[in-house]
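One structure is given below, encoded as structure tokens.
The values are calculated or read from the model by the stated rules, or taken from the named source; none is laboratory data. On a predicted model such as this, the values are computed, not experimentally measured, just so you know. Backbone-built Cβ (ideal geometry, glycine too); neighbour counts: all protein chains shown.
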Amino acid sequence: MLDNVEKGTGSICWIAGEAGIGKSRLVAEFYSSLFLEDRVHRSFQEYDPLSSKIYWFETGALPYQVSSPFSPIIHFFVQYFGISLDMSNEEKYNLVESKLSKLQDGEDMFPFIANLLQIELSKEDNYQTAFLEPVILQEVTVQAIISFLDVFSKET
């Protein structure tokens, strides 16, 4: 991963494990070892894929979220799209649709990512998710997430 950072290639690292084993410490130590404080952005508000800056995004889950395995991904998407609690469904819908439409295959990802974010879909978009068996919906949602992360990591 460090080689990717030095080459300017985006990459994604997933660290998972039991509470208290040192996941946060591992990430903090890795980050501090890079000596990049002045070159790193840690906010989506400053995100510009054309910049030479390094973008570092983190997300996590809390113990009470153990029954919601998508919670770290949802948190990441909320930050990425800039979704706030006071936004209407229409505002969230337009924001997510607009940002995803700029990505390769973003239109295909949209209904599944929006559904994950509990955004009420239009009739047309809802047809892609409404009639899927829960297991199939979960699989297709995971594929949409993987596709997004793949495109996102190459873009950054």
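Just to be sure, is I83 surrounded by 14 or more Cβ atoms within 10 Å (Cβ to Cβ) and closer than 21 Å to F57 by Cα?
Working: surrounded by 14 or more Cβ atoms within 10 Å (Cβ to Cβ): yes; closer than 21 Å to F57 by Cα: yes.
So I83 passes the test.
Quick one: how many residues across segment 96-114 are out of contact with any Ser or Thr (no Cβ under 9 Å at 6 or more places or on another chain), part of a helix (DSSP H, G or I) and surrounded by fewer than 18 Cβ atoms within 10 Å (Cβ to Cβ)?
So the answer is 3.
Being in contact (Cβ under 8 Å) with a residue 60 or more places away in the chain and not aromatic (F, W, Y): is that true of S84 here? Write out each step before concluding.
Numbers: in contact (Cβ under 8 Å) with a residue 60 or more places away in the chain: no; not aromatic (F, W, Y): yes.
Here the answer is no, as S84 does not meet what is asked.
Does K154 fit the bill of being buried (at least 16 other Cβ atoms within 10 Å of the Cβ) and in contact (Cβ under 8 Å) with a residue 12 or more places away in the chain? Step through it out loud before you land on a result.
Details: buried (at least 16 other Cβ atoms within 10 Å of the Cβ): no; in contact (Cβ under 8 Å) with a residue 12 or more places away in the chain: yes.
No; evaluated as a whole, the condition is false for this residue.
Has segment 102-112 got at least one residue that is without any contact (Cβ under 8 Å) to a residue 12 or more places away in the chain, under 30 Å from N4 (Cα atoms) and either of a type in the set (A, V, I, L, M, F, W, C) or touching a Cys at 6+ places or on another chain (Cβ under 7 Å) (or both)?
No - not one qualifying residue is present in segment 102-112.
Could you run through segment 115-137 and say how many residues are under 16 Å from the mean Cα position of the chain (by Cα) and assigned to a helix (DSSP H, G or I)?
Of segment 115-137, the ones under 16 Å from the mean Cα position of the chain (by Cα) are 115-119.
With assigned to a helix (DSSP H, G or I) added as a condition, the list becomes 115-116.
Number of matching residues: 2.
Does any residue of segment 117-134 turn out to be in the same structural domain as S71 (by TED's automatic domain parsing), within 18 Å of I74 (Cβ to Cβ) and of a type in the set (G, A, S)?
No, that holds for no residue.
Kindly evaluate S84 against the criterion of being under 18 Å from the mean Cα position of the chain (by Cα) and modelled with pLDDT of 85 or more. Step through it out loud before you land on a result.
Values: under 18 Å from the mean Cα position of the chain (by Cα): yes; modelled with pLDDT of 85 or more: yes.
Yes.
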